[in-house]
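Colleague: The structure is given below, and queries will be raised subsequently.
The values are calculated or read from the model by the stated rules, or taken from the named source; none is laboratory data. What you see is a predicted model; the values in this text were computed from it and never measured. Quick reminder, even Gly has a Cβ in these numbers, built from the backbone with ideal geometry, and neighbours come from all protein chains shown.
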């Protein structure tokens, strides 16, 4: 066959794709109509997982080595943007499976034992490549997630666990953020006094709020004591290390400062793309959580509080992972340190130039 | 392998599914990153098409023979409902392909010639099984759509064209609607006078509307003359046949009257499910149109007004099909004959009983 | 003005609607562009709340008195369906507010103190009319939610708390479900043995599942012991009362049995609409939860872990309510008791007739 | 009232907002439940229109004067992005009105005559501020759209027609695109030869495509003759003017060249935001079209082919405007001139520097 005569079906390998639906209920001679949907929806999920891995690998490659080049950031943002679009689809797609009634699902569910979505190696790779902390995985029993995989898949899972994740590469990249110290300009000092002012105003507001009773005020005060403590840790190496050791932070102090600089001065040309990138990582995290949550609701709708086909805790397990398996939480948490635009310390002219377009200053 | 040890990967045939992405650009030694997306999105489309065919076949089977039984209507509605959910996903899915820029698409587009989405046999089957009128297909050149298919696919397309479509079976079923004539009760007469009153009120409103100029009034009058003509045809066999012959109608007069009865008395228990079914058919039609339209916009975004890879007119062809390839238009058109709830002729007690629950009247 | 000349603007009272945006930042002489969005989005929220109250009141009225009539169920389902569509929009609408950056929000946030969404009386009414348990409300401090309202609104809140909620009326209605005992047919016995069989199969599956370690098996066994306990309570008045007293159930045993009957035999004509109604109530609950969750994420994005403008705990408070403020949880939990369609005890012919259409059996 | 005690209800003027629903059917003593929905959904539409006008005005102001400054582009893109999010909501919102049945609508429809959505002054302002060509408006009868407005509104409509629209300001801005001629580099020549090559390849592909019959080939050839003609016009002032005079183009030749440069070199830092802006304008146009289309389907569902309450042609009028009322069509059409990334003429180093970040080249 020459490429001249390439047909649609050959190009897409439709012979393989459309001939890979073997209903277990069919083998038993009692075909259940809805099992087709169950197979096809999972196959489309796996195809999309392959696409996500494809994008993730390319992004990780661009981040590797000495990367911090502006040329690539646009491409990284485009590809993460595509992952986000796919994630949204995967969440919506749950709605199609919801057209299957629990009664119809129970008709073939037993035939699937002990197969389980728990065994999706691609999904594990996505988690690992993003940078899920192996220590924080919710376990079912005392076994690690990879003991449910066959030896081949376990090897792939372990490899993806060991090779540098997007989380780790991002941390490196953020630590390299330039301009955190720029000549005589001491950004952090003026920023600190802005934040202090903001927090003090908040505290004053609580004390003066006559609609709050004693106990509510005390709660608020405790909350603010905590905020001030984590805030102090921003600039104090020892205190930050304590948060890190206690598991309250995953990302290094230096990277946090880099990320905060990007968030605060996002409007400067050179920081616009990096800021979008940070936002996307939080989006990817939240969409992963939403997907787990929606999935857990579906399982609940199907089998209530009974166990999953792979022996997992079903709905309960999924709900727990939705709450715990966050990867870029520290980036999301930066919102606490945002201050009003009008309180933002002005950048020195020289620094502003560095963050701008060549064209603007060459005129 | 015994079913005891069934694994997730085996169940879903992931070996086949995930090993069927052959990038043409890879063959040329110059792999284009985005071709992966192009392949995977089309493969998921084809998997969903398979699911739609699966549902459509089951619905068609339930409609065949002497079917008009209430027991099945619930199931038909559930399965058409699933098709609708899938269609919504297929439309949203276009958004993922939009993350590919035209420049990147052009990088591998030439390698695909002459393969074309035009050759999707499953999509043709869906159109034919729904009941697309072969005569009304928009042609490109003078060839029929099936001449672009290979001999195997052409055979499948022709078979689906010849076997009874959902459109044809629905028409039969509607013609069998009971109660159109019920004892002494002459529903149609009272209905006719209600409609006449409504139309006359409308006409009066136009004549009295001082914000309309002469030409606008004349236009409205022409429009109403047409409405009255098609309305008269509702009950006049000869006039209806003229509409049918002129291609203004596809569905028989008897079926139209059955459908109208269902629409008007949808609140009666026995008609609730049939009414949902009619609504779903219109939804399926409109979603197919929306998909074509969204698809045509995408093609336009990718290649402008240039030709498609299969030599089709690309955007222009797709836009035309979006406007012309409607199947259940006659059902949608019934809206013209709806009257206010308060003007609806009351059903005789005896007939109301027939349309109700056994339990209600057995009390 | 006669109705003859009614204009679009007068009909919609656009003078009032479009002249009600007073920016606090404007009063201070330093207008913040984004405050307009903040006001308008909240106004649209309140308009939609008014619509939800309108629908809810009509549904509650239909349920009052001796209502259990099939005639109304269709209308109830249509109006709850509308509430669901509105809820989906309210969730999507959050996306518009997300186009405001935290920096811009902080620019006018202080000017709003102590106003807070906490004070939306309509939202409280919706919660109360649905049937939120006043005892289970998450409190901030020791105050009840209504102490943040002005005296007028507090009165409205209390009234909606005291008048019969949809929850209470639904419970009554479910308790009146006919056919739970039908002549010699002892449905519950055959159902019980089906469930027992299913649970025993599950337990066997866990014991035989070699991929589970000891601790995982023990967890599963504990889980199943719980399921069996709650299952036994289904038919045992004393045990059920214990669950009720311990706060594990809100709905009465009799109502639970009625709801389960509807869920299991949903395909019988007379039960189709009641089944959709039950599904809708679970949907409304879950959409309320999703809205709270999405809202809590937005607040987090805006102010991190700082306090809300009304002095509430902001993100933390909203997250907690998302998890706890469930109303129809007991209906959702029924999934646990669903059995495969093929194991469902067959209904006696006589009973099937009662649940069918008059027309079917009059033939 | 001091700002200290600002309440939620006062801030949002809920007294006005929630007390502006006067049902016409209520005046007649025969309140129709669904009229409330009809009023509230239109009020939310108008509130969102006000927000769109607010954003549009700010964008237009930023574009006025000598604006082409990079500082503002980020803000323009953010605000157009918000308009896009609102447009998506407005389209989804139609789904809520679809929960009203035609029968229920007809119950109060006559009471609204002659009020009509046609009279929404804010919608006319949005069209005019975007830059709708007054000449191309679809007319109903021979009257201009503003003759349906009262004198006050007509004045506002005319003002918005006369003041510089986004379309006009954008044209100016595009005409000022720098670098179209850069020193010795003759971009256009190398671009021209790339395009010629691409078009010739396409033509060759058609001629060699054996799956096309004679008539299809001839159609394609005609199509390509047209493409080549419009392409030649790109660089030929006289030919371009002919297209302009014939109404095939709205935007000037110089602006077209600027826009094309931005589209082709979108990856260069200084062009990234301008490129997003161009994409957004096409999105806004297409979403406006989608809204009109969805709206026309709704009207069709409600009244079929009968006339609208304001005497307009209802569904037919709306469908026509959906097809004709495009504003940024010329920007969308640029897709035709995109070439593969690999064929893109390389920019001279000096020019690349001008389009880059200061920081990149200062290192």
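Colleague: Would you be able to say whether some residue in the range A:69-89 is in a loop (DSSP other than H, G, I, E, B) and either more than 19 Å from residue A:298 (Cα to Cα) or in contact with a helix residue (DSSP H, G or I) (Cβ under 7 Å, 6 or more places away or on another chain) (or both)? If you could, list the steps in order and put the result at the bottom.
Modeller: Looking only at the range A:69-89, we keep the residues that are in a loop (DSSP other than H, G, I, E, B), and these are A:69.
Cutting the leftovers down to either more than 19 Å from residue A:298 (Cα to Cα) or in contact with a helix residue (DSSP H, G or I) (Cβ under 7 Å, 6 or more places away or on another chain) (or both) gives us A:69.
There is at least one residue in the range A:69-89 that is in a loop (DSSP other than H, G, I, E, B) and either more than 19 Å from residue A:298 (Cα to Cα) or in contact with a helix residue (DSSP H, G or I) (Cβ under 7 Å, 6 or more places away or on another chain) (or both).
Colleague: Which condition number in (1) assigned to a helix (DSSP H, G or I); (2) under 30 Å from residue A:179 (Cβ atoms) is the one that residue D:347 fails?
Modeller: (1)
Colleague: Sticking with this one: Pick out the one residue from C:178, C:164 that is more than 23 Å from the chain's Cα centre (by Cα) and away from chain A (no Cβ under 14 Å). First the steps, then the outcome.
Modeller: Working: C:164 fails: more than 23 Å from the chain's Cα centre (by Cα).
Just a single option satisfies the conditions, and that option is C:178.
Colleague: Further question on the same structure: Within the group C:288, C:298, which residue is more than 9 Å from every other protein chain (Cβ to nearest Cβ), buried (at least 21 other Cβ atoms within 10 Å of the Cβ) and farther than 17 Å from residue C:175 by Cα?
Modeller: Matching residue, one of C:288, C:298: C:288.
Colleague: So, in the range B:181-215, of the ones that are more than 10 Å from chain D (Cβ to nearest Cβ) and in a loop (DSSP other than H, G, I, E, B), which residue ends up nearest to residue B:341 (Cα to Cα)?
Modeller: Per the stated criteria, the residue is B:186.
Colleague: Oh, and also: Given (1) within 31 Å of the chain's Cα centre (by Cα); (2) free of Cβ contacts under 8 Å to residues at least 12 places away in the same chain, where does residue B:355 come up short, assuming only one miss?
Modeller: (2)
Colleague: Sticking with this one: With the structure loaded, tell me whether residue A:335 is more than 7 Å from every other protein chain (Cβ to nearest Cβ) and at pLDDT below 90 or whether it fails that test.
Modeller: When the stated conditions are applied, residue A:335 does not pass them.
Colleague: Tally up the residues in the range A:18-31 that are closer than 15 Å to residue B:57 by Cβ and in contact (Cβ under 8 Å) with a residue 12 or more places away in the chain, please.
Modeller: Residues flagged as closer than 15 Å to residue B:57 by Cβ and in contact (Cβ under 8 Å) with a residue 12 or more places away in the chain within the range A:18-31 amount to 2.
Colleague: Moving on to the next point. For the range C:19-26, indicate whether the set of residues that are facing chain D (nearest Cβ under 10 Å), closer than 30 Å to residue D:119 by Cβ and surrounded by fewer than 17 Cβ atoms within 10 Å (Cβ to Cβ) is non-empty.
Modeller: yes
Residues checked against (1) under 18 Å from the mean Cα position of the chain (by Cα); (2) buried (at least 20 other Cβ atoms within 10 Å of the Cβ); (3) at pLDDT 95 or above; (4) within 24 Å of residue C:31 (Cα to Cα):
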{"residue": "D:29", "(1), (2), (3), (4)": "no, no, no, no"}
{"residue": "D:35", "(1), (2), (3), (4)": "no, yes, yes, no"}
{"residue": "D:43", "(1), (2), (3), (4)": "no, yes, yes, no"}
{"residue": "D:52", "(1), (2), (3), (4)": "yes, yes, yes, yes"}
{"residue": "D:55", "(1), (2), (3), (4)": "yes, yes, yes, yes"}
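Colleague: Every residue in the range C:216-230 that is under 27 Å from residue C:255 (Cα atoms), at the interface with chain A (Cβ under 10 Å from one of its Cβ atoms) and surrounded by fewer than 16 Cβ atoms within 10 Å (Cβ to Cβ), please.
Modeller: The answer is C:226, and nothing else.
Colleague: Still on this structure, please answer the following. Please count how many residues of the range C:231-270 are part of a helix (DSSP H, G or I), crowded, with 19+ Cβ neighbours inside 10 Å and within 11 Å of another protein chain (Cβ to nearest Cβ).
Modeller: Here the count works out to 4.
Colleague: Select from the range B:176-200 the residues that are surrounded by fewer than 18 Cβ atoms within 10 Å (Cβ to Cβ) and farther than 18 Å from residue B:232 by Cα and list them in ascending order.
Modeller: B:176, B:178, B:181, B:182, B:183, B:184, B:185
Colleague: With the requirement that a residue be assigned to a helix (DSSP H, G or I), within 12 Å of chain C (Cβ to nearest Cβ) and under 30 Å from the mean Cα position of the chain (by Cα), what does the range A:95-131 give you?
Modeller: From the range A:95-131, those assigned to a helix (DSSP H, G or I) are A:95-97, A:102-112, A:117-119, A:121-130; that's our starting set.
Next, only the ones that are within 12 Å of chain C (Cβ to nearest Cβ) stay: A:95, A:102-112, A:118-119.
A:95, A:118, A:119, listed by residue number.
Every residue, every condition in (1) at pLDDT 85 or above; (2) under 20 Å from residue D:127 (Cβ atoms); (3) in contact with a strand residue (DSSP E or B) (Cβ under 6 Å, 6 or more places away or on another chain), yes or no:
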residue: D:289; (1), (2), (3): yes, yes, no
residue: D:295; (1), (2), (3): yes, yes, no
residue: D:307; (1), (2), (3): no, no, no
residue: D:322; (1), (2), (3): no, yes, no
residue: D:329; (1), (2), (3): yes, yes, no
residue: D:340; (1), (2), (3): yes, no, no
residue: D:356; (1), (2), (3): yes, no, no
residue: D:360; (1), (2), (3): no, no, no
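Colleague: Identify all residues within the range C:248-278 that are closer than 20 Å to residue C:325 by Cβ and without any contact (Cβ under 8 Å) to a residue 24 or more places away in the chain; write none if there are none.
Modeller: Result: C:248, single match.
Colleague: Still on this model: Let me confirm something: among A:72, A:61, which residue is more than 11 Å from chain B (Cβ to nearest Cβ) and either without any contact (Cβ under 8 Å) to a residue 24 or more places away in the chain or within 30 Å of residue B:25 (Cβ to Cβ) (or both)?
Modeller: Matching residue, one of A:72, A:61: A:72.
Colleague: I'd like to check something: does the range B:201-215 contain any residue that is surrounded by fewer than 18 Cβ atoms within 10 Å (Cβ to Cβ), without any contact (Cβ under 8 Å) to a residue 40 or more places away in the chain and either touching a strand residue (DSSP E or B) at 6+ places or on another chain (Cβ under 6 Å) or on the phi > 0 side of the Ramachandran plot (or both)?
Modeller: Yes: the range B:201-215 contains one or more residues that are surrounded by fewer than 18 Cβ atoms within 10 Å (Cβ to Cβ), without any contact (Cβ under 8 Å) to a residue 40 or more places away in the chain and either touching a strand residue (DSSP E or B) at 6+ places or on another chain (Cβ under 6 Å) or on the phi > 0 side of the Ramachandran plot (or both).
Colleague: Regarding residue B:155, is this residue modelled with pLDDT of 90 or more, farther than 21 Å from residue B:258 by Cβ and part of a helix (DSSP H, G or I)?
Modeller: yes
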